[in-house]
1. Would you please name the chymotrypsin sites (Phe, Trp or Tyr not before Pro) within the stretch 1-68 that are DSSP coil residues with at most 13 other C-beta atoms within 10 Å of their C-beta?
2. Compute the relative contact order of the stretch 5-67 as a whole-number percentage, counting only Cα pairs closer than 8 Å that sit 6 or more residues apart in sequence.
3. Just to verify a number: FRET efficiency for Ile53 and Val136, C-beta to C-beta distance, R0 = 25 Å, to 0.05?
4. Give a quick list of trypsin sites (Lys or Arg not before Pro) in the stretch 3-77 that DSSP marks as loop, anything other than H, G, I, E or B, with at most 15 other Cβ atoms within 10 Å.
5. For Gln9 paired with Tyr93, estimate the spin-label separation in nm (one decimal), with each label point 7 Å from Cα along the Cα-to-Cβ line.
Amino acid sequence: MYADFPYYQDFFKGTLISDEAMFRTFSERASEFIDTATFDRLANVELLNRHKIKIQKCACALTELFFRRNIAFLNGVPDSENMPKTSEKIGEYSISMANPYDYIQEISMNDDDFRKSLKSTILRYLGNTGLLFRGVE
């Protein structure tokens, strides 16, 4: 895995996934996707270290996409009661949940749309690193 739960919470500032075991599951899927997209170039420790921060951020963003996709499949069209918390207040207790329509827009049940989201995310983080180059080096 390219990112662990403490990195997700402390440096990426992720709040969508609050369960560490759930994070590990989807982080592994994200890492596999990164390996495929980079043609396993990250087995080269020098490349991995050179782009470590971008790779970790990418892994966290992809992990959230896989997590959202899972919620969409488990719940069908999500409702506000089954969404992750986005904030919680203790004094005069208050909870805010993620907007279900944001999930539907961002992560469609359509496989092509999901692939586009994955590709767009990996390009955003790793597009200028050379790791996604398809040619011969």
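1. Values: sites: Tyr2, Tyr7, Tyr8, Phe11, Phe12, Phe23, Phe26, Phe33, Phe39, Phe66, Phe67; in loops: Tyr2, Phe11, Phe12, Phe39.
Hits after loop and neighbour filter: Phe11, Phe39.
2. Working: 37 pairs, mean separation 29.7, N = 63.
Rounded, it is 47 percent for the stretch 5-67.
3. Working: r = 27 Å, r/R0 = 1.10.
The pair Ile53/Val136 has a calculated efficiency of 0.35.
4. On the way: sites: Lys13, Arg24, Arg29, Arg41, Arg50, Lys52, Lys54, Lys57, Arg68, Arg69; in loops: Lys13.
Loop-located and lightly packed - Lys13.
5. Placing both labels 7 Å beyond Cα along the Cβ direction yields 2.2 nm.
Each value in this text was obtained by applying a stated rule to the coordinates, not by laboratory testing. Treat the numbers as computed from the prediction; the structure is a model and nothing was measured. Please note: Cβ atoms are built from the backbone with ideal geometry, for glycine as well, and neighbour counts cover all protein chains shown.
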